[in-house]
Ligand code: NCD
């Protein structure tokens, strides 16, 4: 992980972009999240961050990111202060950088959500404590994508051709084969990413993170005007990811990189990642209305997908109408509650890492 700005207080780390994370960081964070899951299940929490204080400052709405960071800090034995956007001095015209400097005087880390791209990077440049980007406008949302990668790992036991667990530990989706000659697993994982890919910061981070793993292919489903930004496409292609585009979630045949298959996006998906059309990012109501309700996953559509144990449906939430509530009870629906639940464990791992500068908790006896 790239170090943050060197200050008079020394170097420290921030979580601003997934581009700062190495594959080894990602794996270590997933391992740490797994340890925290066991700690919470067995003991409710621990005191690894006792007396530490987290500041949360969200100037855009949030339920899951805010609450899961808050709960994560409490379960680590720490405390949280929240800067209320409506009652802080920002209302009087105080700048973001002055607010960050103020929080530096009282706290050990800051979680920031802000409407402007690069705002969290600017905040980190004046901060002597770690800054975590919880969404910078249409930019990135790295902690959510770590939650998502961890969820895929929990659900399948592997990501692409990366198997951290032995075959008997992880659930096997049946596609992997062990290549005795090369002493490795060969596996492809198809991730179908659906919705507002232009403005959706969660998927900007997610696909760049997933592209670090081998054996991943993406099918991007969006209207032409809401396509994944070019710089992200270029980046993931450079990393070797296979990509296909379509505007339809129905029965249009989608071939990934000239691969001669005859399947539509849904029936080849291992993961369907639905996203909300980001109404607040549109210039006007008419533009939004043109794309509103374009992709709605329902029972009839999901019938095209693979069976339980072979595929999952994810969503960073909140949903508006992209996934019909009828699907909530479907075992393939990971968004309620498994993905959401993993959010707290991964955020415990992130806070532990940034505040103590240790990736894997050393107090393993807490697990027993
Ligand atoms: C998302 C966000 O805020 O970017 N939610 C989240 O943090 N889990 C998704 C969205 O708002 O559509």
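Coordinate-derived values only; no laboratory data. The structure presented is a predicted model; accordingly, all values stated were derived computationally and were not measured.
Please say if region 253-295 is rounded, prolate or oblate, where rounded means a/c under 1.5 for a ≥ b ≥ c the square roots of the C-alpha gyration tensor eigenvalues, and otherwise the choice is prolate for a/b larger than b/c and oblate otherwise? Note, shape of region 253-295 comes out prolate. Helix 23-43 axis versus longest C-alpha principal axis of the chain: approximately 70°, rounded to the nearest ten.
Structure remark: mean-square fluctuation, Gaussian network model of the chain, C-alpha springs under 10 Å; the largest value among 248, 198, 43 belongs to 43.
Taking the chain as the reference, fit the longest principal axis to its C-alpha atoms, fit the long axis of helix 340-356 to the helix C-alpha atoms, and give the angle between the two in degrees, 0 to 90, nearest 10. Taking the Cα atoms of the chain, the angle to 340-356 is about 40 degrees. Would you mind checking the tilt of helix 201-210 against the longest principal axis of the Cα atoms of the chain, expressed as 0 to 90 degrees and rounded to 10? Orientation of helix 201-210: about 70 degrees from the principal axis. For the chain, modelled as a GNM whose springs connect Cα atoms under 10 angstrom apart, the maximal fluctuation among 147, 272, 256 occurs at 256.
Once the Cα-Cα distance is subtracted from the 0.36 nm per residue extended length, the residue 304 to residue 79 segment shows a gain of 76.3 nm. Overall, the ratio between the Cα radius of gyration of region 215-368 and 2.2 N^0.38 Å, rounded to two decimals, is 1.24. With distances taken between every two different alpha-carbon atoms, the chain has a Kirkwood hydrodynamic radius of 21.2 Å.
Out of 299, 92, 242, any idea which swings most in a Gaussian network model of the chain, alpha carbons joined below 10 Å? So, out of 299, 92, 242, the one fluctuating most is 92.
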